[in-house]
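This report refers to the structure that appears directly beneath it.
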Amino acid sequence: MNDPAFRLRQADLAMGVRTAPRREVAAQAPVEPSPPEARPSVTSTPEPASNRVEVPRPVALRASVALHGELEPSQRVDALNALRARHDAQCPHCTTATAHTQTVFGEGSPTARLMFIGEAPGENEDRTGRPFVGRAGEKLDEMIAAMGLNREQVYIANVLKSRPPDNRTPLQHEVDGCGPFLIEQILIVRPEVIVTLGGPATKLVLGTEEGITRLRGTWSEWAPPAGGLPPIPVMPTYHPAYLLRNYTPKTRGEVWADLKAVMGRLGLPAGSARN
């Protein structure tokens with residue numbers, strides 16, 4: 001069956017939604033770039049001096065970052081591997097944190113059109129070294145499959161690369177220390193669309209203090225911190241762990257509406273994606 005409407009109905013059922021709302025305008029309308037002076041900065045609100053971390057200027061901010069869009073897939077793999085090694089050796093947060101056994105850098109296609117960003121690894125991720133495993137990871141896999149994609153076609157990362165104590169929410173000074181390496185990941189992968197999962201990821205990427213319940217479902221954009229690179233559309237939605245805790249028709253319908261908006265922006269639902 002090649003009817004797109006039929007595929008969308010089938011995907012609705014895959015997500016457990018019988019009558020998911022159609023967000024045609026939000027999905028199709030282009031994002032109007034904000035004037036430079038009004039565009040949110042990726043710089044986080046300063047912490048008190050006792051918590052402030054001096055973050056090295058990331059390599060991604062060099063002029064050479066503009067070339068990342070021209071790299072071959074194997075070169076992007078090399079760039080991500082080099083970034084991972086540098087993160088593990090230099091990250092101001094992860095090299096001093098003690099609650100984790102290993103870092104969880106990210107995984108997926110180095111040329112993915114779609115990138116998912118969460119907040120931090122949990123216990124399962126810390127044990128396996130992979131992002132989004134366990135129950136939340138299974139739910140994210142279901143969300144990706146409902147879009148007609150798989151994990152190998154997208155890129156998945158977190159703001160923090162190491163597990164916070166007791167799986168708590170990342171603190172601002174931790175985000176300030178580890179966040180620049182996520183920015184470099186984005187600049188290497190250069191996705192066409194970013195989906196932020198939950199509040200901490202959305203706050204870092206969009207440079208906002210607004211809550212996820214106010215931001216989800218509304219297109220915004222991330223302005224790369226290197227001149228000459230176009231902004232990337234961002235769709236905030238609920239974290240899969242929140243969806244599991246609040247598995248109601250309302251929250252499921254909202255998440256599925258967000259994902260369908262992303263599908264519309266990428267020209268899916270045929271399920272094709274760049275590898």
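The values are calculated or read from the model by the stated rules, or taken from the named source; none is laboratory data. Given the structure is predicted, the values throughout are model-derived calculations rather than measurements. Neighbour counts are summed over all protein chains in view; Cβ atoms, including those assigned to glycine, are modelled from backbone coordinates with ideal geometry.
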Answer yes if at least one residue in the stretch 60-70 is out of contact with any Lys or Arg (no Cβ under 6 Å at 6 or more places or on another chain), at pLDDT 50 or above and of a type outside the set (S, T, N, Q), and no otherwise. yes
Out of the residues in the stretch 125-135 that are surrounded by fewer than 22 Cβ atoms within 10 Å (Cβ to Cβ) and under 16 Å from the mean Cα position of the chain (by Cα), state the one that is modelled with the lowest pLDDT. 133
Positions within the stretch 200-222 being in contact (Cβ under 8 Å) with a residue 40 or more places away in the chain and surrounded by fewer than 18 Cβ atoms within 10 Å (Cβ to Cβ), in sequence order: 207, 208, 209, 218
Determine whether residue 187 is modelled with pLDDT of 95 or more and either of a type outside the set (Gly, Ala, Ser) or farther than 28 Å from residue 229 by Cβ (or both). no
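The rows are residues; the columns are (1) free of Cβ contacts under 8 Å to residues at least 24 places away in the same chain; (2) buried (at least 16 other Cβ atoms within 10 Å of the Cβ); (3) over 16 Å from the mean Cα position of the chain (by Cα).
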position	(1), (2), (3)
82	yes, no, yes
89	yes, no, yes
97	no, yes, yes
103	no, yes, yes
106	no, yes, no
Considering only the stretch 197-206, I want to know if a residue exists there that is part of a strand (DSSP E or B), closer than 18 Å to residue 151 by Cβ and hydrophobic (A, V, I, L, M, F, W, C). yes
Complete set of residues in the stretch 118-136 that are touching a residue at least 60 places away in the same chain (Cβ under 8 Å), within 11 Å of residue 106 (Cα to Cα) and not in a loop (DSSP other than H, G, I, E, B): 118
What residue, among those in the stretch 137-164 that are touching a Ser or Thr at 6+ places or on another chain (Cβ under 8 Å) and part of a helix (DSSP H, G or I), is farthest from residue 98 (Cα to Cα)? 153
Report yes if residue 164 is crowded, with 24+ Cβ neighbours inside 10 Å and in contact with a helix residue (DSSP H, G or I) (Cβ under 9 Å, 6 or more places away or on another chain), otherwise no. no
